[in-house]
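Asks: Below is a structure I'd like to ask you about.
The values are calculated or read from the model by the stated rules, or taken from the named source; none is laboratory data. Just so you know, these numbers come straight off a predicted model, no measurement behind them. Counting neighbours? That spans all protein chains shown, and the Cβs are built from the backbone with ideal geometry, glycine included.
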Amino acid sequence: MTSKHPAASLHPTIAKVTERIRARSAATRSAYLTRMAAAVAKGPVRAHLSCSNQAHAYAAMGSDKADLSAGKKPNIGIITAYNDMLSAHQPYETYPAQIREAARRIGATAQVAGGVPAMCDGVTQGQPGMELSLFSRDVIALAAAVSLSHDCYDSSLWLGVCDKIVPGLIMAAATFGHIPAIFVPAGPMSSGIANDEKAKVRAAFAEGKATREDLMAAEMAAYHGPGTCTFYGTANTNQMLMEVMGLHLPGATFVNPGTPLRDALTEAAVARAAAITAQGNDFRPVGEILDERAYVNGIVGLMATGGSTNLILHLPAMARASGVILDLEDFDDLSGVVPLMARVYPNGLADVNHFHAAGGLQFLIRDLLGAGLLHEDVKTVAGDGLSHYTREPELHEGQFRYRDGPETTLNDRILRPAADPFAQTGGLRQLSGNLGRAVIKISAVAPERHVVEAPARIFHDQDSVKAAFKRGEFTSDTIIVLRFQGPQANGMPELHSLTPVLSVLQERGLKVALVTDGRMSGASGKVPAAIHVSPEAACGGPLARLRDGDLLRLDATSGSLSCLAPDFDTRSPVSADLAANGFGTGRELFEMFRRTVGTAEHGAAVVL
C-alpha cells in the first residue's frame, strides 16, 4: 500500500468546517491577535526589566550570568512537568541540564522558568483523587503562567506528555503567544505485556476468576519502565496532536526514552527554539501557529488515529486560549469524512511502538495531505507547511539529520492509507436528543452495538455500579446511567474502572451501554458509552429526570440519545447530596473550580 504525495486540494468538508470556525471565532481571534501583536511590538521582554529585576533572575546562573545580563543571546524558558511518579515524565529529570548545555553550544542560554503539577490518571482511577484530575489542567495553565510572568524569555520549551498536562501547557503557551514555543516529548516506554492480555486479566479479576496477585503481575508487566504507557490513550493522543499541529519537531513523538535519537531530538529542539525568536530572521510566535487550521488538523489527526475522547474536552479549551471557538459539530462533521487509518489498542492489538514501526505519523500525515484532509499551508515550529512532518529523524554516522518518511505502510494490520482504511469515518459522533448533547467513540465498537435500546438503571457513583454487578443484578439488556459525574458535581472524573464490568456484561451476550455526564478513559473502547452529557445532572440537566426502568435509546448511527418515556419532559429533576465530593484528598481546595467551571460541551474550562 502506497501513500499519495502531498498535497492535494483541500477536501470540501475540511474547508467548510475551517471557514465555519474562522467565522465563529472572528471577534475573539482578532482580539487575541491584537493583544499578541502589542506584546511583540514591545520587543524582547528582558530589555524592559530593571537592573534589579534582572539581577534577581540571573543570580544563580553561574557562567551564564554575563550572557544573560548582556541580553544579546536568546534566553529559553523551560516549563517542566517532571516528577518521577509518572513514568512518562520521569525522563524529564535530566532534561534541564541537557538543554542548558545544548543552549550554550549554540550561543544561547536556558533557565527552568518553573514547574507544573502532573498527576497520573492511572493512579487515581476509581479513587477520590480523580475528582481533581480535570481541574489539574487549569491549575497547570495557571502555574505555567506564573512561571512565565517573570518576562525573562525569548522562547520556550515545554516538557509534558500526559493527559491534562499537555492541554494545560497549551493553554498557557497560547496565553503567552507572543513568544515561540516548542513542545519536547519524552517518548513511549518499550513494549511490555500485550494490552489485550492485560485486559483479560482485569476482566477475570472483576469476575473473581483471578487473584489480586495475578492482577498485580499483569499490571506491572504492562507498566514496566520510563516513558508513556504504550496504549493509545489520552497521553499518546496528546503527543500525536503536538506533531500534527506543528508544535513538536517532525518525528519526535514516538521515539523511546534513553536512546541516542531521543537525546538528539531534544538538543535539536533547543537549537530550533533559539533560532525562531524575535532576535533572529525566522520569528515564529506560537500564537500565530495556533490558528483555526492547526486545530482542524488536530481534530483530523484525532479521527484518523481513533484517539482519546478526552480531547473532545481539551481541544475546545486549548483553542479558546488562542481565540478560536470549537463546537461539537466540528468534531462530528470532520469525523464523517476522515477515515480511520490506525488500529492501536484499544482499537486494535498493536501499541504505539508498533504503530511507529509501521510508518507512524510520518506516513499518516503524508497520506492525509495527499487525500486533501489536512491543511498544508500552516505555520509550524519546523517551518512553513505541514509537509515538513512527512520527514523522519535519524542519526547517520552519529550526526542528526532528516530523511523522507515512508510512503508505504509497513504493516497494514496497524496502519493503512486513507484510500483503503479500517473504517470510512473517524469513529467519534455527536449525540443529541431529549437527554442533551453527548459524544460517543465507536471506532472500537462492533457495528451491531451502535444502537442500544434498553431500560435504564440509575446510579450516582461508580461503587454502586460495581456492587450491583457483584450482586448479579444485571441479567438483561441494560443502559447504565451514571449521573452527577459532571464538572460541577465532582470535577468530572474518568470512569475507566467501570470498563471491566461493562466488558464482562457485554461478553455474556447482553446489550449494554453507559450514559454519563462524566468521562471515560482515553483507553475506553468496545462498550458503547455516551459521555460528557451536557447539561449535567448537577445543574438540573435532563439526566436528573431519569428513573429506573425508563426505556432509553442510544443510536450512534443517527446520532441520537433519547428517553422514550412519555412523561419524561414534564418531570422535575432530582437532586443529589454532593457534600462528600467536597472533602478529602485536596478536594476542599477546589470548591471554587466546581462553582465556576464551564460546561463539558465547551471544554469544561475554569480559567477561560
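Asks: From T516, T499, T475, grab the single residue that is of a type outside the set (A, V, I, L, M, F, W, C), out of contact with any helix residue (DSSP H, G or I) (no Cβ under 6 Å at 6 or more places or on another chain) and touching a residue at least 40 places away in the same chain (Cβ under 8 Å).
Replies: T499
Asks: OK, next. Can you name the residue in segment 340-362 that is part of a strand (DSSP E or B) and at pLDDT below 95 and is also farthest from T234 (Cα to Cα) among such residues?
Replies: A350
Asks: Do you know which residues across segment 261-281 are touching a residue at least 24 places away in the same chain (Cβ under 8 Å) and not hydrophobic (A, V, I, L, M, F, W, C)?
Replies: R262, D263, T266, E267, R272, T277, Q279, G280
Asks: Answer yes or no as to whether V337 is closer than 30 Å to T408 by Cβ and not in a helix (DSSP H, G or I). Walk me through how you get there before you give the answer.
Replies: Numbers: closer than 30 Å to T408 by Cβ: yes; not in a helix (DSSP H, G or I): yes.
Yes; evaluated as a whole, the condition is true for this residue.
Asks: Residues of segment 413-467 being surrounded by fewer than 16 Cβ atoms within 10 Å (Cβ to Cβ) and acidic (D, E), which ones?
Replies: D420, E448, E453, D463
Asks: Check D327, D332 and return the single one that is surrounded by fewer than 24 Cβ atoms within 10 Å (Cβ to Cβ), on the phi < 0 side of the Ramachandran plot and touching a Leu at 6+ places or on another chain (Cβ under 8 Å).
Replies: Going through D327, D332 in turn, the sole match is D332.
Asks: Condition (residue is in contact with a Pro (Cβ under 8 Å, 6 or more places away or on another chain), farther than 30 Å from F331 by Cβ and surrounded by 15 or more Cβ atoms within 10 Å (Cβ to Cβ)) applied to segment 52-63: is it met by at least one residue?
Replies: No: zero hits.
Asks: Look through segment 425-439, keep the residues that are of a type outside the set (A, V, I, L, M, F, W, C) and at pLDDT 95 or above, and return whichever of them is nearest to G559 (Cα to Cα).
Replies: Looking at residues that are of a type outside the set (A, V, I, L, M, F, W, C) and at pLDDT 95 or above, I get S432.
Asks: Being within 14 Å of A454 (Cα to Cα) and among the acidic types (D, E): is that true of D548 here?
Replies: So D548 fits the description; yes.
Asks: Which one is modelled with the lowest pLDDT among residues in segment 46-102 that are more than 28 Å from the chain's Cα centre (by Cα) and acidic (D, E)?
Replies: D67
Asks: Something else: Taking segment 214-227 on its own, how many of its residues are closer than 18 Å to G258 by Cβ and out of contact with any Cys (no Cβ under 7 Å at 6 or more places or on another chain)?
Replies: Total satisfying the criteria: 4.
Asks: Please state which of the following conditions T499 fails to meet, knowing it meets all the rest: (1) in a helix (DSSP H, G or I); (2) surrounded by fewer than 24 Cβ atoms within 10 Å (Cβ to Cβ).
Replies: With (1) in a helix (DSSP H, G or I); (2) surrounded by fewer than 24 Cβ atoms within 10 Å (Cβ to Cβ) applied to T499, the lone miss is (2).
Asks: Looking only at residues that are touching a helix residue (DSSP H, G or I) at 6+ places or on another chain (Cβ under 9 Å) and assigned to a loop (DSSP other than H, G, I, E, B) in segment 566-582, which one is surrounded by the fewest Cβ atoms within 10 Å (Cβ to Cβ)?
Replies: Within segment 566-582, the match that is surrounded by the fewest Cβ atoms within 10 Å (Cβ to Cβ) is S572.
Asks: Among the residues of segment 120-154, what is the count of those that are farther than 29 Å from A206 by Cα and either among the β-branched types (V, I, T) or in contact with a Lys or Arg (Cβ under 9 Å, 6 or more places away or on another chain) (or both)?
Replies: 11
Asks: Take the residues in segment 184-207 that are without any contact (Cβ under 8 Å) to a residue 60 or more places away in the chain and not in a helix (DSSP H, G or I); name whichever of them is nearest to T94 (Cα to Cα).
Replies: If we take residues in segment 184-207 being without any contact (Cβ under 8 Å) to a residue 60 or more places away in the chain and not in a helix (DSSP H, G or I), then G192 is nearest to T94 (Cα to Cα).
Asks: Return the residues of segment 292-309 that are assigned to a helix (DSSP H, G or I) and either of a type in the set (G, A, S) or farther than 21 Å from A371 by Cβ (or both); say none if nothing qualifies.
Replies: Within segment 292-309, A294, G298, G301, A304 meet the criteria.
Asks: Here's another thing I want to ask about it. If you scan segment 208-248, which residues turn out to be farther than 13 Å from G298 by Cα, in the same structural domain as A118 (by TED's automatic domain parsing), in a loop (DSSP other than H, G, I, E, B) and of a type in the set (A, V, I, L, M, F, W, C)?
Replies: Hits for segment 208-248 are C229, F231.
Asks: Another question, if that's okay. I'm trying to understand the selection: among the residues of segment 415-449, which are under 20 Å from H354 (Cα atoms) and more than 24 Å from the chain's Cα centre (by Cα)?
Replies: D420, the sole residue that qualifies.
Asks: Right, something else. Looking at this structure, is E376 touching a Gly at 6+ places or on another chain (Cβ under 8 Å) and either acidic (D, E) or surrounded by fewer than 24 Cβ atoms within 10 Å (Cβ to Cβ) (or both)?
Replies: Working: touching a Gly at 6+ places or on another chain (Cβ under 8 Å): yes; either acidic (D, E) or surrounded by fewer than 24 Cβ atoms within 10 Å (Cβ to Cβ) (or both): yes.
So E376 fits the description; yes.
Asks: Can you give me the number of residues within segment 310-326 that are in a helix (DSSP H, G or I) and in contact with a helix residue (DSSP H, G or I) (Cβ under 7 Å, 6 or more places away or on another chain)?
Replies: 10
Asks: Another question, if that's okay. Would you check if there is a residue in segment 111-129 being assigned to a helix (DSSP H, G or I), at pLDDT below 95, over 15 Å from G160 (Cα atoms) and of a type in the set (A, V, I, L, M, F, W, C)?
Replies: Taking every residue of segment 111-129 in turn, at least one turns out to be assigned to a helix (DSSP H, G or I), at pLDDT below 95, over 15 Å from G160 (Cα atoms) and of a type in the set (A, V, I, L, M, F, W, C).
Asks: Something else about it: Before we move on, is A113 buried (at least 20 other Cβ atoms within 10 Å of the Cβ) and touching a Gly at 6+ places or on another chain (Cβ under 6 Å)?
Replies: Judged against the criteria, A113 is a match.
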